[in-house]
1. Scan segment 8-22 for residues that are surrounded by fewer than 10 Cβ atoms within 10 Å (Cβ to Cβ) and either within 11 Å of the ligand (Cβ to nearest atom) or in contact (Cβ under 8 Å) with a residue 24 or more places away in the chain (or both) and jot them down.
2. Could you please tell me which pairs satisfy a Cβ distance under 6 Å, a separation of 6+ or placement on different chains, a first residue in segment 31-50 that is modelled with pLDDT under 95, and a second residue that is part of a strand (DSSP E or B) and within 15 Å of the ligand (Cβ to nearest atom)?
3. Does Lys346 satisfy the condition of being surrounded by 15 or more Cβ atoms within 10 Å (Cβ to Cβ), touching a residue at least 60 places away in the same chain (Cβ under 8 Å), among the basic types (Lys, Arg) and within 16 Å of the ligand (Cβ to nearest atom)?
4. Report, by residue number, each residue of segment 365-385 that is surrounded by fewer than 18 Cβ atoms within 10 Å (Cβ to Cβ) and under 18 Å from Arg321 (Cβ atoms).
5. Pull out all pairs, ordered by first then second residue, where Cβ-Cβ is under 7 Å, the residues are six or more apart or on different chains, the first lies in segment 198-209 and is aromatic (Phe, Trp, Tyr), and the second is in a helix (DSSP H, G or I).
6. Since Glu340 meets every condition but one in (1) of a type in the set (Asp, Glu); (2) touching a Lys or Arg at 6+ places or on another chain (Cβ under 9 Å); (3) not in a loop (DSSP other than H, G, I, E, B), which condition does it not meet?
7. For Leu38, are the conditions met, namely being assigned by TED's automatic domain parsing to the domain that holds Leu381, buried (at least 21 other Cβ atoms within 10 Å of the Cβ) and within 30 Å of Gly22 (Cα to Cα)?
8. Within segment 136-146, can one find any residue that is within 16 Å of the ligand (Cβ to nearest atom) and either part of a loop (DSSP other than H, G, I, E, B) or modelled with pLDDT under 95 (or both)?
Amino acid sequence: MYNGHIMFFHEIAEGQPDPIFGLNEAFQADVRPNKLNLIIGIYKDDQLRSHLMGSVMQAKNQIASQDVMADYLPIDGLSDLHEQLGMIVFGETRWKESHGRVYTAQSVGGTGALQVGGQFLCQEVSKSIAISTPTWPTHRSIFERAGMRVETYPYYSRDKHGIDFDGLCSSLKRMTEKTVVLLHPVCHNPTGCDPSTEQWKELSRIIREKRLLPFFDFAYQGLGEGLEKDRQAIDIFMNDGHEMLIAYSCAKNFSLYCQRVGVLFVVDENAAVKLRVGSQIKKIIRSLYSNPPAHGARIVAALLQDAALKEKWKKELDAMRHRISVIRESLIRRLGVNFEFLRHHKGMFSFIDLDKSQVQQLINQFAIYLIDNGRISLTGLNSENIDYVASSITAVCKKA
Ligand code: LMR
């Protein structure tokens, strides 16, 4: 009781801070002048600034006049965005052939696509989903909140410093029919380790044979080996005739982190099924947030509709990927032979195989912030701090 009123909130327990955003808050609060942020997957330049890509800035200026339109978008968002991203994700030819059976909804970032997809699956298809160990920490909570049972499959072996492919395959073979399998088609987050082409083919075969349902979390297209190569897993699964879901994010490859542009694709058997699937997904979206915001979606659609801007964007994306690989190589050179395994990693992250206490030492003694599974976001490194980071990692490894 307080001033004669009944109190409702006083017994609420405090939740754990988010492993990524929560740590970022701790970083902001740290007053040490030499602190370094290797936490979140945000692309930064050599001055450690994150800013809009030039092509994206131009597209943003182009749409300034359309942006005065204040109407709602449809429940499933901007159709130009669906079309343009469909061609990027599936390739132009396949998109032309298949879009009649692919239901597409704009989402609030890739996270929103995972959430809507999870709710749809739980309601209509399956209540079980399997995620990799390790994975992006938010996956578990997204699917649990959607009402699904979350199980895990082995993915990374610390002994091999790479994928535990036998463990992964055996685990898939033991799964119950209709289990959803969450896969990262490229730049696995957090390990940076992706299956080879042959391994993707084998995974597709097992998933099909065991009647499991693939759900791809596609957040880093263009940052692995290039836009086309990075969709190889999607190509393989499409060739094998899977029904599947893809949650797509434009945060990293369009530098549109705060605009929350994403898309959910559901590849269906035919147009009639697509219609029914879409009708259910629209109901879910309508009750969650009604319809998505327009600004970021218009930027991406305008950029991809303009041939010159699209070319410029591809070049900028290539340059980002190149910078990441230069940083990775420089780090390997400084860390020495024991860290050669980093060379096989793809994307913004590398998993440097430190345990939690080593990570704590890096934070406490050296003011180097990274998440507790030992993942570093490489573009937090630059020519000025890389020696310090490498020598600090070497120091905590020696103490172990
Ligand atoms: C990350 O893993 O750092 C990014 O995907 C950002 C996020 O939302 O966690």
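The values are calculated or read from the model by the stated rules, or taken from the named source; none is laboratory data. It should be emphasised that the depicted structure is a prediction, and the values quoted were computed from it without experimental measurement. Cβ atoms come from the backbone with ideal geometry, glycine included; neighbour counts cover every protein chain shown.
1. Here is the first cut: in segment 8-22, the residues surrounded by fewer than 10 Cβ atoms within 10 Å (Cβ to Cβ) are 8-16.
Those that are surrounded by fewer than 10 Cβ atoms within 10 Å (Cβ to Cβ) and either within 11 Å of the ligand (Cβ to nearest atom) or in contact (Cβ under 8 Å) with a residue 24 or more places away in the chain (or both): none in segment 8-22.
2. Final answer for the pair search is Gly41/Ser377.
3. Answer is yes for this residue.
4. Asn382
5. Taking only residues 6 or more apart or on different chains, the pairs are Trp200/Gln232; Trp200/Ala233; Trp200/Ile236.
6. (2)
7. Criteria met by Leu38.
8. Checked segment 136-146: at least one residue is within 16 Å of the ligand (Cβ to nearest atom) and either part of a loop (DSSP other than H, G, I, E, B) or modelled with pLDDT under 95 (or both).
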